[in-house]
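Asker: For reference, the structure I am asking about is given below.
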Amino acid sequence: MSAIALAAPTRGTRSWHEPAILVVVVLALMTMGMIMVYSASRCVDASVDGYYFSRHMVFLPVAIGALALAAWLPYGWLNRWYLAVAVLAVAAALLVLVLKFGEERNGAMRWFSLHAGGMGVSFQPSEFAKLALAIFLAWFFSRAAFEPKEFVRGFAVPMAVIGAVVALVAKEDFGTGVLIGVVATLLCLIAGCRLRYFLAMLPFLGAGFWWFVWCVPYRLERLTSFWNPWQHKDGSGWHTIQSLLAIGQGGLFGVGLGAGVQKYYVPENATDFIFAVICEEAGLLGGVLVLGLFALLVWRGGRIVSRAPERFGFLLAAGLVLVIGLQAVMNVGVVCGALPAKGIGLPFVSYGGSGLVMMSVAAGLLASVGRRAGAFDRSPKFKVQSPK
């Protein structure tokens, strides 16, 4: 049976029930993001007032189109070795290129920038790498030849790929590198890799921590200031302190949309710390609403995972749910001071073209799996059908 045929929906099933709920939740988060990016971008400096919002409104239709297209296309097309390897190879090539020729912002080399007609468009390859690695691992672990009990073929090979991608990302974007590493590791466990094999990775993790954190002064300072940001209030603790003040300022009902004042002191208030602006202007209730939407998204995504028609769809959906859910957890954790500060946005809400579009593609692919859930008989072992 071909991968395309395997991904085709069957008439008479409620194939759109779960994906429809998923899409509605994503659109609700996008709407919240649009409102809050507008509010956060309102600035006392008239020369940049509304800058983020105007650009966000350019990316938003593209993201919605990407969501719809990914949900409509059969995800089974990705279950081919040449597509999975090609997608990952392109992601790795972009990461290498951006490290050499990218645009530096805030001391990090993360962006490609294209300028045409007086308008610049930036792209973060690390956002593409999240999706690319999830697709590659889903294909690798769903092959008929995959044997999770073999150390070399079942564990060492995927971990080498994961390590290479994480190292390329973490060089300039440590937070995203950690996210990709955690998602990939969990996906390995879900696929059946033995837990004791991960003990062999501890020396490599220690070396990576030493190289990417201990040897980088500003990252080490962020880590040490995490325990008591008030001792570093004029330095690395500034982000966390201002974020917590904004959350406290909002109280239960908030100060009102557009009426926030503390947001002017919150760094990256339209991107990494937009949740603090939500809590200041919409209060605790607004923050709980956003968290509730993410909880609903993960719950419905989990239902799609459990009903996936075959192993590739199961692993792909699991990886996508992990990417979206864990990124939301990490962002909120940073904003609330529960995690060390790192540059990572709130999915579907924060300003950022590449992040918004790639997360929309991820949600669309998850909906694509959901459309075909229950359309085929499947054994508990997810019998793999190799594409011709």
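The values are calculated or read from the model by the stated rules, or taken from the named source; none is laboratory data. Given the structure is predicted, the values throughout are model-derived calculations rather than measurements. Neighbour counts are summed over all protein chains in view; Cβ atoms, including those assigned to glycine, are modelled from backbone coordinates with ideal geometry.
Asker: Across the range 291-317, what is the number of residues that are under 23 Å from residue 353 (Cα atoms) and surrounded by fewer than 24 Cβ atoms within 10 Å (Cβ to Cβ)?
Answerer: Counting residues in the range 291-317 that are under 23 Å from residue 353 (Cα atoms) and surrounded by fewer than 24 Cβ atoms within 10 Å (Cβ to Cβ) gives 4.
Asker: Residue by residue through the range 203-261, note down the ones that are under 20 Å from residue 37 (Cα atoms) and touching a residue at least 40 places away in the same chain (Cβ under 8 Å).
Answerer: 239, 240, 243, 244, 247, 257, 258, 260
Asker: Just one of the numbered conditions (1) surrounded by fewer than 24 Cβ atoms within 10 Å (Cβ to Cβ); (2) within 30 Å of residue 84 (Cβ to Cβ); (3) at pLDDT 95 or above is not true of residue 320; which one?
Answerer: Of (1) surrounded by fewer than 24 Cβ atoms within 10 Å (Cβ to Cβ); (2) within 30 Å of residue 84 (Cβ to Cβ); (3) at pLDDT 95 or above, only one is false for residue 320: (1).
Asker: Among the residues of the range 207-225 satisfying the criterion of being part of a helix (DSSP H, G or I) and β-branched (Val, Ile, Thr), which is nearest to residue 174 (Cα to Cα)?
Answerer: Ranking the qualifying residues of the range 207-225, first place goes to 213.
Yes/no per residue for (1) of a type in the set (Lys, Arg); (2) modelled with pLDDT of 95 or more; (3) in contact with an Asp or Glu (Cβ under 7 Å, 6 or more places away or on another chain):
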{"site": "259", "(1), (2), (3)": "no, no, yes"}
{"site": "266", "(1), (2), (3)": "no, no, no"}
{"site": "296", "(1), (2), (3)": "no, yes, no"}
{"site": "310", "(1), (2), (3)": "no, no, no"}
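Asker: Also: Looking at residue 337 and the list (1) surrounded by 18 or more Cβ atoms within 10 Å (Cβ to Cβ); (2) farther than 21 Å from residue 134 by Cα; (3) not β-branched (Val, Ile, Thr), which single condition is not satisfied?
Answerer: Unmet for residue 337, out of (1) surrounded by 18 or more Cβ atoms within 10 Å (Cβ to Cβ); (2) farther than 21 Å from residue 134 by Cα; (3) not β-branched (Val, Ile, Thr): (1).
Asker: For the range 246-263, enumerate the residues that are in a helix (DSSP H, G or I) and loosely packed, with under 15 Cβ neighbours inside 10 Å.
Answerer: Answer for the range 246-263, where residues must be in a helix (DSSP H, G or I) and loosely packed, with under 15 Cβ neighbours inside 10 Å: just 248.
Yes/no matrix, rows are residues, columns are (1) farther than 23 Å from residue 346 by Cα; (2) of a type in the set (A, V, I, L, M); (3) in contact with a His (Cβ under 7 Å, 6 or more places away or on another chain):
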{"position": "208", "(1), (2), (3)": "yes, no, no"}
{"position": "211", "(1), (2), (3)": "yes, no, no"}
{"position": "254", "(1), (2), (3)": "no, no, no"}
{"position": "259", "(1), (2), (3)": "no, yes, no"}
{"position": "278", "(1), (2), (3)": "no, yes, no"}
